[in-house]
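Quick notes on the structure that follows.
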Amino acid sequence: MSKPPEVSQAFQTFFVEAPAHAKAWLGAVEGLRGASALDEKTAHLAYLAVLAALRLESGVPFHVLLAKKAGASRAEVVSAVLVGLPAAGNAVTQSLPAALAAYDGTSEVTP
C-alpha cells in the first residue's frame, strides 16, 4: 500500500501552525469537490492547469500524483499544465519540470 502524496513545506506549516484554519480550508475543499460535476481525473487535471497559470509550483507535485492516481497519463498531465499558454503565457512552462518529475517519480514527493 502506498502512502498519500506529501504536501509542500508551506502547507505542512499551515497545518501545524494554524490547525483550525487548515480544518476550515479542508472543509471548503471537500464541499467544492462534492459540488463539482467533473469526474476525479478531469478535476485534478483542471486543478493542475490552474496551479500552473497562477504559478503555484509548490502544489504541482502533490496534485500531479493525485491526477496520476485517478488515471491521468503523462501526456494528459503535460497538456493540463500547458493548457493555459494562450491566456496565461509561457509562465505555465515553469511548472512543467516539477510536474514531470512528480509523474516520473524522480522528485522528492512520493506516492
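Of all residues in the range 21-46 being outside any helix (DSSP H, G or I) and of a type in the set (A, V, I, L, M), which is nearest to Ser95 (Cα to Cα)? Steps first, please.
Step one: list which residues in the range 21-46 are outside any helix (DSSP H, G or I), which gives 36-39.
Retained after the next criterion (residues that are of a type in the set (A, V, I, L, M)): 37-38.
Details: Ala37: 26, Leu38: 23 Å.
Filtering the range 21-46 for residues that are outside any helix (DSSP H, G or I) and of a type in the set (A, V, I, L, M), the one nearest to Ser95 (Cα to Cα) comes out as Leu38.
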Within the range 1-54, tally of residues that are under 17 Å from the mean Cα position of the chain (by Cα) and either exposed (fewer than 14 other Cβ atoms within 10 Å of the Cβ) or touching a residue at least 60 places away in the same chain (Cβ under 8 Å) (or both): 16
Residues within the range 47-65 that are part of a helix (DSSP H, G or I) and out of contact with any helix residue (DSSP H, G or I) (no Cβ under 7 Å at 6 or more places or on another chain), tallied: 2
Conditions (1) closer than 16 Å to Leu82 by Cα; (2) at pLDDT 95 or above: number failed by Leu56: (2)
Matching option when the condition is crowded, with 18+ Cβ neighbours inside 10 Å, of a type in the set (A, V, I, L, M, F, W, C), in contact with a Lys or Arg (Cβ under 7 Å, 6 or more places away or on another chain) and touching a residue at least 12 places away in the same chain (Cβ under 8 Å), among Ala80, Ala72: Ala72
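The values are calculated or read from the model by the stated rules, or taken from the named source; none is laboratory data. These figures come from a predicted structure and were not determined experimentally. Backbone-built Cβ (ideal geometry, glycine too); neighbour counts: all protein chains shown.
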